[in-house]
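For reference, the structure discussed in these notes is given below.
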């Protein structure tokens, strides 16, 4: 019996063999990242869903040719980024990013404080260059620097220093 903590490479090998449970676990494990990549390109719900669905279809079509099953998450991130860019180019428009839903706040005093803080951070994020905004939004969902690098199309060694520069710029902007 498989466990949720099975490694991605084990799940890919099992999925190649037709194990539906392994496919379901792969989808559960990586769909959030794929959605965030599509969203980071300014795609709406329908277009983001198309990107995620197409990315999974590409994996179904190419799973037997993957040389390193352990790198599947990076492959998925790169494919989602490429599909997102293809859709953006085809639509020839740049739609605004949709903020993630927030959890309900506790008491009224806390709500006021949290809203003020969120407003300051949101304004600071909006003032950052698009590349920093995208990196910081994806960072929360990418389980590894390799996946984040693949999603952004940058070298893995650039993720940490770029993130540090973006966070420092954000800190300077938040009053």
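The values are calculated or read from the model by the stated rules, or taken from the named source; none is laboratory data. What you see is a predicted model, and the numbers here were worked out from it, not measured in a lab. We place every Cβ from the backbone using ideal geometry, glycine too, and count neighbours over all the protein chains shown.
Can you tell me which of 70, 49 is touching a residue at least 24 places away in the same chain (Cβ under 8 Å) and either out of contact with any strand residue (DSSP E or B) (no Cβ under 9 Å at 6 or more places or on another chain) or under 25 Å from residue 136 (Cβ atoms) (or both)? Write out each step before concluding.
On the way: 49 fails: touching a residue at least 24 places away in the same chain (Cβ under 8 Å).
So the residue among 70, 49 that is touching a residue at least 24 places away in the same chain (Cβ under 8 Å) and either out of contact with any strand residue (DSSP E or B) (no Cβ under 9 Å at 6 or more places or on another chain) or under 25 Å from residue 136 (Cβ atoms) (or both) is 70.
Give region 120-144 a look and list any residue that's under 25 Å from residue 70 (Cβ atoms) and crowded, with 16+ Cβ neighbours inside 10 Å, or say none.
135, 138, 139, 141, 142
Would you mind listing the helices (runs of 4 or more DSSP H) fully within region 1-89 where at least 1 residues are under 20 Å from the mean Cα position of the chain (by Cα), closer than 25 Å to residue 135 by Cβ and at pLDDT 90 or above?
Once the helices (runs of 4 or more DSSP H) in region 1-89 are filtered for at least 1 residues that are under 20 Å from the mean Cα position of the chain (by Cα), closer than 25 Å to residue 135 by Cβ and at pLDDT 90 or above, what remains is 20-40, 45-62.
With in contact with a helix residue (DSSP H, G or I) (Cβ under 8 Å, 6 or more places away or on another chain), at pLDDT below 90 and farther than 20 Å from residue 13 by Cβ as the only criterion, which of 113, 125 stands out?
Checking each option against the conditions leaves just 125.
Being within 19 Å of residue 37 (Cα to Cα), touching a residue at least 12 places away in the same chain (Cβ under 8 Å) and surrounded by 13 or more Cβ atoms within 10 Å (Cβ to Cβ) is the filter here, so list the residues in region 150-175 that pass it.
Selection gives 150, 151, 152, 159, 162, 163, 166.
Does residue 45 count as touching a helix residue (DSSP H, G or I) at 6+ places or on another chain (Cβ under 8 Å) and surrounded by fewer than 18 Cβ atoms within 10 Å (Cβ to Cβ)?
No, not satisfied.
Check whether at least one residue in region 121-129 is within 21 Å of residue 79 (Cβ to Cβ) and not assigned by TED's automatic domain parsing to the domain that holds residue 43, and report yes or no.
No, region 121-129 has no match at all.
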